[in-house]
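The values are calculated or read from the model by the stated rules, or taken from the named source; none is laboratory data. Since the structure is predicted, the reported quantities are computational estimates derived from the model, not experimental observations. Counting neighbours? That spans all protein chains shown, and the Cβs are built from the backbone with ideal geometry, glycine included. Side chains are part of the model used for accessible areas, which takes the heavy atoms of the whole protein and leaves out ligands, DNA and RNA. Shrake-Rupley method; radii C 1.70, N 1.55, O 1.52, S 1.80 Å.
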Amino acid sequence: MILTEAPVVTAALEAAVRAPSPHNTQPWLFEVGSDVIGVVLDEDRVLEVCDPDRREARLSCGAALLNLELAIAVAGRSCDVEFLPEKDRPELLARVGIGPRHRASAAEQRLAASIRVRYSNRRPFASTPVPAGARHAVRRAAGDEGAKLVLLDEVGLLEAVAGLIRRADHLQTLDDRFQAELRAWTRESGGNDGVPAYAGGPRPSGGLLPVRHHGESEQAREFERDPVVAVLTTPTDGPLAQIRAGRAMQRALLTATSLGLSASFYSQPMEIPSARAVLRSLLGENAHPQAVFRLGYGFPGSTTPRRPVGDVLRIMR
Ligand SMILES: Cc1cc2nc3c(=O)[nH]c(=O)nc-3n(C[C@H](O)[C@H](O)[C@H](O)COP(=O)(O)O)c2cc1C
């Protein structure tokens with residue numbers, strides 16, 4: 001079997017599936033040939049209400065792609081990536097060729113080590129400020145992948161965007177289809193996909209930002225007063241920009257993790273087209289918002305389950 005013959009492939013796929021995805025849908029499949037891995041968007045796992053355009057699914061696959069590349073690097077091999085390599089197969093988002101020997105850089109090792117440690121932390125963060133050096137590093141990580149990370153507190157936009165998040169959250173609360181989809185992907189116990197109830201945060205008692213409701217929340221809690229909210233933007237939009245945005249998002253999240261920071265997403269305004277348009281106008285017409293998340297020093301939590309690699313693998317003969 002290819003997998004047992006090539007531990008680098010096993011390591012790469014185990015890292016890939018640790019990527020974040022909306023409602024932990026894990027919308028990916030991996031086509032494995034000899035020294036090549038195709039990253040495929042799994043249409044059966046797209047959120048039809050939240051993500052009818054597959055934008056969030058492409059971001060998730062882009063994040064899985066970066067994990068894959070980092071794991072290949074620390075396994076001592078180089079790789080090259082071809083984006084959207086087959087015109088008539090738009091679901092084949094990337095093809096990763098595994099190349100000759102490679103000595104992983106310290107940065108690759110640091111980011112790869114963060115893949116297993118990263119998780120979405122929806123709980124209140126400590127009030128400890130995020131230092132300028134850490135903000136710079138996370139911003140630079142997104143920049144290295146061709147995206148821009150706008151930290152809202154630095155440009156005075158926080159209140160406007162928080163208002164947009166609250167309004168979008170309210171609309172989703174009233175939307176029966178959205179609620180049904182959210183419930184379908186929330187797990188009270190067991191399962192290797194969907195969001196386990198234990199990963200949901202408490203409801204905030206006041207404060208700027210709402211928390212997406214996964215299962216039964218605990219009692220309401222006070223969240224940090226000055227949240228650090230970041231919006232990831234790209235200069236263009238469309239499938240390629242979204243795959244690249246996923247890599248940028250993941251590089252920023254792994255960099256944050258490596259610096260001891262936690263993150264949690266606020267995609268409500270990204271999932272309602274009119275709200276995304278308002279967010280875009282707030283940030284400038286050349287900035288296509290792709291992801292919104294909060295950064296800070298979290299208290300320890302736990303990672304969420306994933307489907308085993310064998311379930312997401314297609315061996316190509
Ligand atoms: C594009 C994208 C959008 C997401 N949006 C939200 C969100 O709005 N609210 C939320 O609580 N989590 C959101 N998440 C986080 C996922 O629920 C989370 O990644 C998934 O459950 C897996 O858990 P983990 O991040 O702890 O590994 C989002 C993730 C991605 C990749």
Checklist outcome for this item: Expressed as a percent, the accessible surface of segment 184-317 that is carbon or sulfur, using a 1.4 Å probe and the full set of protein chains, is 52 percent
Checklist entry - Where is the GNM fluctuation largest for the chain (alpha-carbon springs, 10 angstrom cutoff): 172, 242, 250? => result 172
Checklist entry - What are the residues whose amide H is under 5 Å from the amide H of residue 214, where those residues sit 5 or more places off or on another chain and H is modelled from the backbone? => result 201
Next on the checklist: Please compute, over every Cα-Cα pair in segment 74-177, the percentage with a separation greater than 16 angstrom.
Outcome noted: 80 percent
Checklist entry - Taking the C-alpha atoms of segment 132-296, how large are the radius of gyration and the largest Cα-Cα span, Dmax, in Å? => result 15.9, 44
Item to check | Computed over segment 132-296: relative contact order in percent, which uses C-alpha pairs under 8 Å that are six or more apart | outcome: 29 percent
Checklist outcome for this item: Long-range amide H partners of residue 221, meaning residues 5 or more apart or on another chain whose placed amide H is closer than 5 Å, are 203, 205
Checklist outcome for this item: Rounded to the nearest 500, the 222 nm mean residue ellipticity computed for the chain from DSSP H runs (n ≥ 4, each -39500 (n - 2.57)) alone is -11500 deg cm²/dmol
Checklist outcome for this item: The answer for the chain, accessible area per residue at 1.4 Å probe in Å², is 44 Å²
Item to check | Gaussian network model of the chain, Cα within-10 Å springs - most flexible of 64, 291, 180 | outcome: 180
Checklist entry - Of 23, 288, which has the most accessible area and how do the rest follow, probe 1.4 Å? => result 288, 23
Item to check | Kirkwood hydrodynamic radius (C-alpha pairs) into Stokes-Einstein, segment 191-234, 4 °C and 1.567 mPa s, D in µm²/s | outcome: 106 µm²/s
Item to check | Max mean-square fluctuation residue, GNM over the chain, Cα-Cα springs under 10 Å, options 130, 228, 150 | outcome: 130
Checklist outcome for this item: The farthest towards the positive end of the charge dipole of segment 132-296, of the residues 253, 208, 275, given +1 on Cβ of Lys and Arg and -1 on Cβ of Asp and Glu, is 253
Item to check | Whole-percent pair-distance distribution, where bins are 10 Å wide, for the alpha carbons of segment 215-317 | outcome: 12, 33, 34, 18, 3, 0
